[in-house]
Amino acid sequence: MVLSWTKGRVFRRSRKGKELNSVGDLEVEIAIPTHFRCPVTLDMMKDPVTLPTGITYDRDSIEKWFEEGNKTCPVTKRVLTTFDMIPNHALRKMIQDWCVEHRSFGIERIPTPRIPVTPFEVENTSTRIMSCAQHGDVNKCLELVRKIKAWGKESERNKRCIVTTGASLVLVKVFEFFSLGGGSIENNNISILEEILGVLTWMRPLSQEGKSILGSLSSMSCMVWFLNGRDLSSRQNAALLLKEVPLEALEKTEGVFEGLVKMIGDPVGHAAATKACLSIIFKMVSSSKNRELIAQRFLGLGLVSILLEALVDAERGACELALGVLDCICDCKQGKEMAKSNALTLPLVIKKLLRVSELSSSFAVSIVWKLCDKTEEDLLIEALQVGVFQKLLVLLQVGCGESTKEKATELLKFLNGYKSKAECVDSSSLEFKNLKKPF
C-alpha cells in the first residue's frame, strides 16, 4: 500500500512566506510497510496491541470494534474468550524509528502512548477516596481525585473506563460528605469540592442515584455557593451540574435563581454554562407546578432584559432556549407587561424569526402572538414596521407546525388592518448599537 506525501505542501507549512526551490515542489510517494497498518482501518498504528489470536491492531480501532458488540477477532473471525490486549512495544518502536527516518518527507514521529487505566485501578482508587473521606483525610482524598482527573485528561478511552466503572457515584457521595454545613463551607474543603465539581462535569449524564444525592440539601447549597462565587471556572462547573439536579431541589434551594440569572448576564460566561443555565430556567418556568410564581421571581431579578441582551449574538442552541424562556414568561401577566415595556422585545424577537431554526421561529411567533393582541394598536404597528408581516407570510409558505400556523394566521388578520398606518422597516438592518452585548 502507498500513501502520498506532498513534500511541497509540507515545506509551505514550515516555511511561511519563504520561496521554494524546484525540489520542494515535487510530489514524493512514501510506501508505508503493510505490517505497520491496522487491519481494521488500514491506517498506520499509533498504539499497536496484540489480541490472544496473535493479530496486532491499533488500540483505538479494536476497542471501537468491541464497543460495537463484536466478540470476534476481525482477521481470524475466531470468537474471543478474553478481550485482553497486550501492547506490542517492539512493533511500536519499529514504527517510531521508521517515522524518524522519513521525517524529511513530513512524517511525524508517533508519541509513545501511555498505558490506559484499567477498571481495577479505577475501582481501587474510588474505594480509597471513599475511605479517606470517611476518615476526614482531605489532602489524601484531594490527591486521589486529581489522579482520576489526570487519567481522564490522558484519553477518551480512560474517560469511558472511569465512567463505566461507576466512579461518578463515589465522587457525588464524597461531594455531599464534604459539603455538609451548607453555606458555611470549611476553607480546607473548598479545594476538594472544586476538583470534584470539575471532574463530574465530564462524567455526565449521572445515574439516577447520583442525581438524587446531588440534589440533597447540603450538595445543593454547596453548588449554589460556587455558582454565586467569584471563581469563573467553579461557577461554570456548578451551572453544568445543576442541570442534572431534580426540579424540586432547584426550587427549594436558596440562591439558585440569583446564581442562574447572574451567569446568563455575565459577559465572560462560558457558552456551555450559559446554555445550561438557560436550560434549567426553561425547565423551571415550563414544567414546574409553581411555574407562575417561579416566573415572577425571575422577573424580579430582571430576567427579561438579560434574555434580550443574550439574544443579540446568541448561537443557535442558546437562542432557542432564550426565546423558549421568554415565551413561557409571557404566559403570566407580569411577564407580558415587562416584555411589552421593553423597546427591544419586538425588534429582537422578530429579527430571529426565520433566521435561526424552526424551533426558534415557533417560539418567536408565539411571543409576538401573546404580546400583540387586537387591542394593542401601537404594538401591532411596531411589529409591522420591523417586517413581521412579510416574515409570517414566508413562514406559512415554507411550512411550520400546526400551532405556529394558527398563531401566524391569526396575527396576519390582526396586522392586515394596520398596514396602511405603518411605514415598513427591515428588522435585519437594526444594529442595536446601544445594547450591551454579553459576548
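The values are calculated or read from the model by the stated rules, or taken from the named source; none is laboratory data. In this text the structure is predicted, and so the values were computed from the model without any measurement. Here the Cβ is made from the backbone with ideal geometry for all residues, glycine too, and neighbour counts use every protein chain on show. Calculation scope for accessible area: heavy atoms of the full protein, side chains included, ligands and nucleic acids excluded. Shrake-Rupley method; radii C 1.70, N 1.55, O 1.52, S 1.80 Å.
Annotations
- Of all residues making up the range 401-414, the number that are crowded, with 22+ Cβ neighbours inside 10 Å and among the aromatic types (Phe, Trp, Tyr): 0
- Filtered by the rule that a residue be among the β-branched types (Val, Ile, Thr) and closer than 17 Å to Cys330 by Cα, the range 347-390 gives Val349, Ile350, Val365, Ile367, Val368, Thr375.
- Restricting attention to the range 148-163, the residues that are without any contact (Cβ under 8 Å) to a residue 24 or more places away in the chain and open to solvent by 60 Å² or more (accessible area, probe 1.4 Å) add up to 3.
- Residue in the range 174-187 that is of a type in the set (Ser, Thr, Tyr), within 26 Å of Met263 (Cα to Cα) and touching a helix residue (DSSP H, G or I) at 6+ places or on another chain (Cβ under 7 Å) present: yes
- Across the range 110-147, the number of residues qualifying as farther than 20 Å from Asn188 by Cβ and either crowded, with 19+ Cβ neighbours inside 10 Å or modelled with pLDDT under 90 (or both) comes to 12.
Results for (1) in contact (Cβ under 8 Å) with a residue 40 or more places away in the chain; (2) not in a loop (DSSP other than H, G, I, E, B), shown as yes or no for each residue.
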| site | (1), (2) |
| --- | --- |
| Val49 | no, yes |
| Gly69 | no, no |
| Lys77 | no, no |
| Phe83 | no, no |
| Gln96 | no, yes |
| Ile107 | yes, no |
| Arg114 | yes, no |
| Val117 | yes, no |
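- Only residues that are over 12 Å from Leu51 (Cβ atoms) and open to solvent by less than 40 Å² (accessible area, probe 1.4 Å) were counted across the range 69-101, and they come to 6.
- Residue within the range 415-429 that is modelled with pLDDT of 90 or more, within 32 Å of the chain's Cα centre (by Cα), open to solvent by 10 Å² or more (accessible area, probe 1.4 Å) and farther than 26 Å from Ile264 by Cβ present: no
So that you can scan it fast, the table gives a plain yes or no per residue for (1) among the aliphatic types (A, V, I, L, M); (2) surrounded by 20 or more Cβ atoms within 10 Å (Cβ to Cβ):
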| position | (1), (2) |
| --- | --- |
| Leu241 | yes, yes |
| Glu251 | no, no |
| Gly265 | no, yes |
| Val285 | yes, yes |
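- Candidates Ser179, Ser191: the one that is touching a residue at least 12 places away in the same chain (Cβ under 8 Å), under 18 Å from Ala238 (Cα atoms), of a type in the set (S, T, N, Q) and crowded, with 20+ Cβ neighbours inside 10 Å is Ser179.
- For the range 281-313, residues that are outside any helix (DSSP H, G or I) and without any contact (Cβ under 8 Å) to a residue 24 or more places away in the chain total 1.
- Any hit, the range 202-225, residues being touching a Cys at 6+ places or on another chain (Cβ under 7 Å) and either among the aliphatic types (A, V, I, L, M) or in a loop (DSSP other than H, G, I, E, B) (or both): no
- The criterion of at least 1 residues that are surrounded by fewer than 22 Cβ atoms within 10 Å (Cβ to Cβ) and modelled with pLDDT of 90 or more is met, among helices (runs of 4 or more DSSP H) falling completely within the range 340-400, by 345-352, 358-371, 388-398.
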